[in-house]
Amino acid sequence: MVQLVGSLRKELAESLSTCRVLVVGAGGIGCELLKNLVLTGFKNIEVIDLDIIDVSNLNRQFLFQKKHVGKSKAQVAKESVLQFCPTANITAYHDSIMNPDYNVEFFRNFMLVMNALDNRAARNHVNRMCLAADIPLIESGTAGYLGQVAVIKKGLTECYECQPKPTQKTFPGCTIRNTPSEPIHCIVWAKYLFNQLFGEEDADQEVSPDTADPEAAWNPADTEARAMASETDGDIKRVSTKEWARSTGYDPVKLFNKLFKDDIMYLLTMDKLWKKRKAPLPLDWYQLESQVRPQGDVKAVGLKDQQVLCVWGYCQLFQHSIETLRSELKEKGDGAELVWDKDDAPALDFVTAAANLRMHIFSMNMKSRFDIKSMAGNIIPAIATTNAIIAGLIVMEGLKVMSGELESCRTIFLNKHPNLRKKLLVPCILDPPCANCYVCASRPEVTVKLNVHKTTVLALQDKILKERFGMVAPDVQIEDGKGTILISSEEGETDANNGKFLSDFGIRNGSRLQSDDFLQDYTLLINVLHAEDLEKDVEFEVVGDAPDKAPTPPSNQEDANSIANGNKDSAQPSTSSNAPAEVDDVMIVDSEEEEAASSSSSAAMPTSGTKRKHLDDETGEASVKRPRTNQSHEAADTDEDDDIIALD
């Protein structure tokens, strides 16, 4: 007769009380998961999270209270969970899981790792560490009403990176700078402007009119003479936006007239842009100020963050936010920079004001501070019940792993609407590893197309190895028979190479590079394919079955209403995938065991045998499977991150 301890077999209950498990993330999913683990019988838990508690977390992260705001999520979660089970042994780390201290040996201390993350970079890293340590990983993610749980085991299942993820939604520079047509374009412009004025300047985030716009076939020499931008308020040809702003003492009125009057008037001289578009309407600070009429004390209706102000209201908000940010820069000292943070009130006020003023200029409906934060922060609403369901599923799959029943584990999808069989939860059999995966294959290898005469060593390191392939501290050597070291993870050892081009080291078409990340215990072979004809603004392409080959998710009516993909002037943030950033991967599927079932809203969707990519967090982000319903664009690593998204 089977002996039970509570609802578990005695052997399993004893195993849970002695095994060590790691929970990565103590946010929406993490809080529910930690509570579930101790109530199930897990006694030795370690939890790591770099984040601190914000007041916006309190509506769904129930281990936290108002008195905890500003404290470590991991530490407070530990203290709260111990109230459920005082005998549990819980260790909390207020740190990043990508810290080199948490190496492969650290991961080998655990029998199971459970991810409750909100960004793709950390997910990729934990995936690789668990593969290197040969430890089972349970990946999870939520986006609104959607959720997903997947079990990953080296050699038995797909890893997190086996299936391509959609790349983050980006917009052409000329659209952002010259011809915005959607609110998200203005919000991106305002975030770029924040960095140009107060943060780290990036040449790819220029906000001045783009004179190289291919759509504007005009003569700069002729139109420059017609441009009415004043020298005193700053010239369109200025080299540095920040230097010019400093020269004015960050004068809000001069900045306003430069950005919303002079630059717009300059755009109007680019005649061809406005033949089929409604031309923008410049704003003048002094003219707006003179038109303001005293209206006495008028009480606004509704919550402050959900109010849409008048144009002059956003002018005043623009002025006040600049004065505040200017003071913050001054306090930090010469050479200081500010970092954009959606939870920083002055930074959000600045982006809200600048974005709305630009929307007004380009004849779009202005948005509330709440809407701007949702889009600028890549956020979709987090649903507490979704987190609770996913956390419960993680524990259920964890019990299978601890029982040695990996063959019975499933990838489970939580859908927004029931399918034809009236199921919200759809299980799928775990897929085997992808033979072409550049992470978990026996000999990971990729081909990268680039121009060896234009690609620098620094671009190879930062944009290709770190950003594209998720390495943390790569070492690169050229397979030239000499073992030439191109990049070293030792600080300063190869800094002299950074500005040199790959061709300077004899790298050419057909050259092979070996990149090692010793922290991740990961080696990647890179075949270089030289190309002179890359598309404009494309620095490199990954050839073959790599993640950049992710197919475009099928479109539907819901897509037409998303901010990032259509012209609907809706207050709802897009929930298609980038989220980069910051979003959980989520994918909707029908079970193979339910071949007769199809989407409850569209019988014409692809069959359950076809594969589809995660809809990522950041924008948002998870791994796998077969497409299912019209909810594909409601899914989101924190995310991060993808059109517009955020996840727990």
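The values are calculated or read from the model by the stated rules, or taken from the named source; none is laboratory data. The model shown is predicted, which means the values in this text are computed figures rather than measured ones. No Cβ is skipped: glycine too gets one built from the backbone with ideal geometry, and neighbour counts run over all protein chains shown. Areas reflect the complete protein model, heavy atoms only, side chains present, ligands, DNA and RNA absent. Shrake-Rupley method; radii C 1.70, N 1.55, O 1.52, S 1.80 Å.
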Which of the following residues is open to solvent by 60 Å² or more (accessible area, probe 1.4 Å) and in contact with a helix residue (DSSP H, G or I) (Cβ under 9 Å, 6 or more places away or on another chain): R369, R358, R326? R326
E337: more than 15 Å from L283 (Cα to Cα) and more than 26 Å from the chain's Cα centre (by Cα), yes or no? no
Starting from residues that are within 30 Å of the chain's Cα centre (by Cα) and not in a loop (DSSP other than H, G, I, E, B), keep the ones in segment 471-496 and report whichever is surrounded by the fewest Cβ atoms within 10 Å (Cβ to Cβ). D495
Say whether the condition of being within 22 Å of the chain's Cα centre (by Cα) and surrounded by fewer than 18 Cβ atoms within 10 Å (Cβ to Cβ) is met by at least one residue in segment 373-388. yes
Would it be correct to say that K463 is in contact with a helix residue (DSSP H, G or I) (Cβ under 6 Å, 6 or more places away or on another chain) and under 22 Å from E532 (Cβ atoms)? no
Check on E467, of a type in the set (D, E), assigned to a loop (DSSP other than H, G, I, E, B) and either modelled with pLDDT of 90 or more or open to solvent by 20 Å² or more (accessible area, probe 1.4 Å) (or both): no
Any idea which of L22, L117, L39 is under 29 Å from P381 (Cα atoms) and more than 24 Å from the chain's Cα centre (by Cα)? L39
Over segment 424-457, the set of residues of a type in the set (A, V, I, L, M), open to solvent by less than 70 Å² (accessible area, probe 1.4 Å) and not in a strand (DSSP E or B) is L430, V439, A441, V452, V457
Do you know which of the residues in segment 245-294 that are open to solvent by 20 Å² or more (accessible area, probe 1.4 Å) and acidic (D, E) is farthest from I322 (Cα to Cα)? D271
For segment 30-40, check the following and say yes or no: at least one residue is open to solvent by 60 Å² or more (accessible area, probe 1.4 Å), of a type in the set (S, T, N, Q) and either at pLDDT 95 or above or under 25 Å from G147 (Cβ atoms) (or both). no
The condition of being closer than 20 Å to K278 by Cα, surrounded by fewer than 20 Cβ atoms within 10 Å (Cβ to Cβ) and at pLDDT below 70 holds, among T170, T175, T223, only for T223
Specify which of the listed residues (G398, G392, G404) is small (G, A, S) and in a loop (DSSP other than H, G, I, E, B). G404
Any idea which residue in segment 268-286 is modelled with the highest pLDDT, counting only those that are aromatic (F, W, Y) and out of contact with any helix residue (DSSP H, G or I) (no Cβ under 6 Å at 6 or more places or on another chain)? Y286
Of all residues in segment 528-543, how many are open to solvent by 30 Å² or more (accessible area, probe 1.4 Å) and either assigned to a strand (DSSP E or B) or within 26 Å of K154 (Cβ to Cβ) (or both)? 5
Testing N119 on (1) modelled with pLDDT of 95 or more; (2) among the polar types (S, T, N, Q); (3) open to solvent by 10 Å² or more (accessible area, probe 1.4 Å); (4) touching a Ser or Thr at 6+ places or on another chain (Cβ under 9 Å), one condition comes back false. Which one is that? (1)
